[in-house]
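The values are calculated or read from the model by the stated rules, or taken from the named source; none is laboratory data. What you are looking at is a predicted structure, and each value in this text was computed from that prediction instead of being measured. Virtual Cβ from ideal backbone geometry, glycine too; neighbours counted across all protein chains shown.
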Amino acid sequence: MSPPAVPADVQAALDQVACGLLRLDTYGTILRANATACDWLGYARAELQGRKLQDLMTIGGRIFHQTHLAPLLQIQGSLSEVKLELVRRNGEVIPVVMNARRRENGGSPCDEVALFIARDRDKYERELLLARRRLEDAVAQERDRALLAEQMVGIVSHDLRNPLQTIQMGAVVLTRGNPSPEQLGVLGRITRAGERARRLIADLLDFTQARLGRGISVHPVPIALHSVVAEVVDELGQAYPARRLVHEPSGQGECLADADRVAQLVTNLVGNAIAYGDPGSAVTIRTAIAPQGSSLSVHNEGQPIPPELQASLFEPLVRGTKAGSGNRSVGLGLFIVREIARAHGGRVDVESTAASGTTFTVTLPRPDQ
C-alpha cells in the first residue's frame, strides 16, 4: 500500500531541508525520501521508494544494523548520532550520521530518519585515530630504546668492573716494589683514577636498576651513624688532601640504615660539594641523632645553585650549575642520593643561597617508622 500523498508545498519545504529525510516501515523499506537524500544517494525518488535502507549500507553497516540498530530502535524507539557508511548508486561510499525516531502514522508504526553527511567528521576521526596510533608506536619505540639503553649501560658497567679491579690491584702490587718517587706519583694517579671510575660504574649500575623500576636495594640494620660517616670522611680526606673536610656529629644512639649506602650517599654529596663549592672553604658534614629521626647534611660555601635548577636537581643527568667544571660528573650523583634516601623511607632536600651557602640534608625516619 502506497503512503498517502504529501501536499505539494510541504514536499517542497522538505526537499529544501539541508539533510536527508527518509520514512521507513518497520522492516526498513523506504516509503518516502526528500530531494536532498535522493541527491546524496544518487537515486531518483521513485528508485528509492520500495528499497530497503540496509541494502544501501556497506557490509559492515548491514551487520551493525541487524545486530544493534534495529533491536535498539525496537526497544527504545529512537536512535541518536549513529555513524554509518552508505553506498551511492555509483559505488561511492559516503559517511553519514543518522538520527531516527519510531512513531505512529495512521495506525501503523514507521521510522522517521534524518541523515547528515559526515565527511569532515569522518576525516577528522580517521586522522585522529592515525595520529594516536603513530604516537603510541613512537612511545613504544622510545620506551624500547630507553630500556635497551639502560640495559646496555648496566651490562657494560658490570663487565667493566673486573678489568678495572685488575688495574687497581696491579697498581697496589707495584707500590710494594720500591718504586721511585716519580713512579709512586704515577701509581697514585692510576689508583685515584681507578677509584673514580669504580664510583662512576657503581652509580651507573644503580641508575640502571632504579630506572628499570626495581629501585636501589638497601639492607637496613642498626648502625652507629656518626662512626660510619666519620670513617667515610677520613677516607675522603685522603682522596682530597687539598680540601678541608669537617665532621660535626650531634646526639647519641643508633640509626637503622644500610652502612654501605650511607657511605655512598656521603661520598656523592661531598664529591658534589668539592666539585662546585668554594675551593678555599671547608666542606662541613653534619650527622644528627634525634628522637624524631636521623639526619645527615653536607654544606659548602660558594656560588649558589640557581633557583630554576633546584626543582630538577635530583633528576638524572642534571647538574647544579650552568657553568663548566673540570671536576663535574655525568650528573648521576644527586639522583643516586635521592634514590638511596627513598629506599630508606627518607628524603633529601637542598637549600642554597649566596649568604648561607649550599646545604643538602638527608632525613631518615625513626627505626619504628
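Test Ala131 against the criterion of being modelled with pLDDT of 80 or more, farther than 30 Å from Gly20 by Cβ, assigned to a helix (DSSP H, G or I) and not assigned by TED's automatic domain parsing to the domain that holds Tyr43, and give yes or no. So Ala131 passes the test.
Being touching a Gly at 6+ places or on another chain (Cβ under 8 Å) and of a type outside the set (Asp, Glu): is that true of Leu53 here? In short, yes. For segment 204-218, the count of residues that are modelled with pLDDT of 80 or more and more than 20 Å from Gly170 (Cα to Cα) is at least one.
Entry remark, segment 220-249: residues being among the basic types (Lys, Arg) and either at pLDDT below 90 or surrounded by fewer than 17 Cβ atoms within 10 Å (Cβ to Cβ) (or both) number 1 in total.
When segment 290-300 is filtered for residues that are among the hydrophobic types (A, V, I, L, M, F, W, C) and within 20 Å of Val270 (Cα to Cα), the ones remaining, listed by number, are Leu296, Val298. Just give me the residues in segment 34-47 being assigned to a helix (DSSP H, G or I) and over 12 Å from Leu21 (Cα atoms), in sequence order. Matches in segment 34-47: Ala46, Glu47.
Considering only segment 67-87, I want to know if a residue exists there that is assigned to a helix (DSSP H, G or I) and either closer than 23 Å to Arg121 by Cα or outside the structural domain of Asp111 (by TED's automatic domain parsing) (or both).
Yes, that holds for at least one residue.
Does Glu125 satisfy the criteria of being over 36 Å from the mean Cα position of the chain (by Cα), surrounded by fewer than 17 Cβ atoms within 10 Å (Cβ to Cβ) and not hydroxyl-bearing (Ser, Thr, Tyr)?
Numbers: over 36 Å from the mean Cα position of the chain (by Cα): no; surrounded by fewer than 17 Cβ atoms within 10 Å (Cβ to Cβ): yes; not hydroxyl-bearing (Ser, Thr, Tyr): yes.
No, not satisfied.
The C-beta contact set for segment 74-99 (first residue without any contact (Cβ under 8 Å) to a residue 40 or more places away in the chain, second residue outside any helix (DSSP H, G or I) and small (Gly, Ala, Ser), distance under 6 angstrom, 6+ apart or interchain) comprises Leu79/Ala100; Pro95/Ala118; Val97/Ala118; Asn99/Ser80; Asn99/Ala114. Restricting segment 104-116 to residues that are modelled with pLDDT under 90 and part of a strand (DSSP E or B) leaves a set whose member that is surrounded by the most Cβ atoms within 10 Å (Cβ to Cβ) is Asn105.
Listed by first and then second residue, the pairs with beta-carbon distance under 9 Å, at least 6 apart or on different chains, first residue in segment 117-131 and free of Cβ contacts under 8 Å to residues at least 12 places away in the same chain, second among the charged types (D, E, K, R), are Glu125/Lys83.
The combined condition, being among the charged types (D, E, K, R) and either at positive phi or in the same structural domain as Ala146 (by TED's automatic domain parsing) (or both), is not fulfilled by Arg243. Within segment 61-74, the set of residues being closer than 15 Å to Asn99 by Cα and aliphatic (A, V, I, L, M) comprises Leu69, Ala70, Leu72, Leu73. Taking segment 221-264 as the range and being charged (D, E, K, R), in contact (Cβ under 8 Å) with a residue 40 or more places away in the chain and more than 25 Å from Gln292 (Cα to Cα) as the test, only Arg243 passes.
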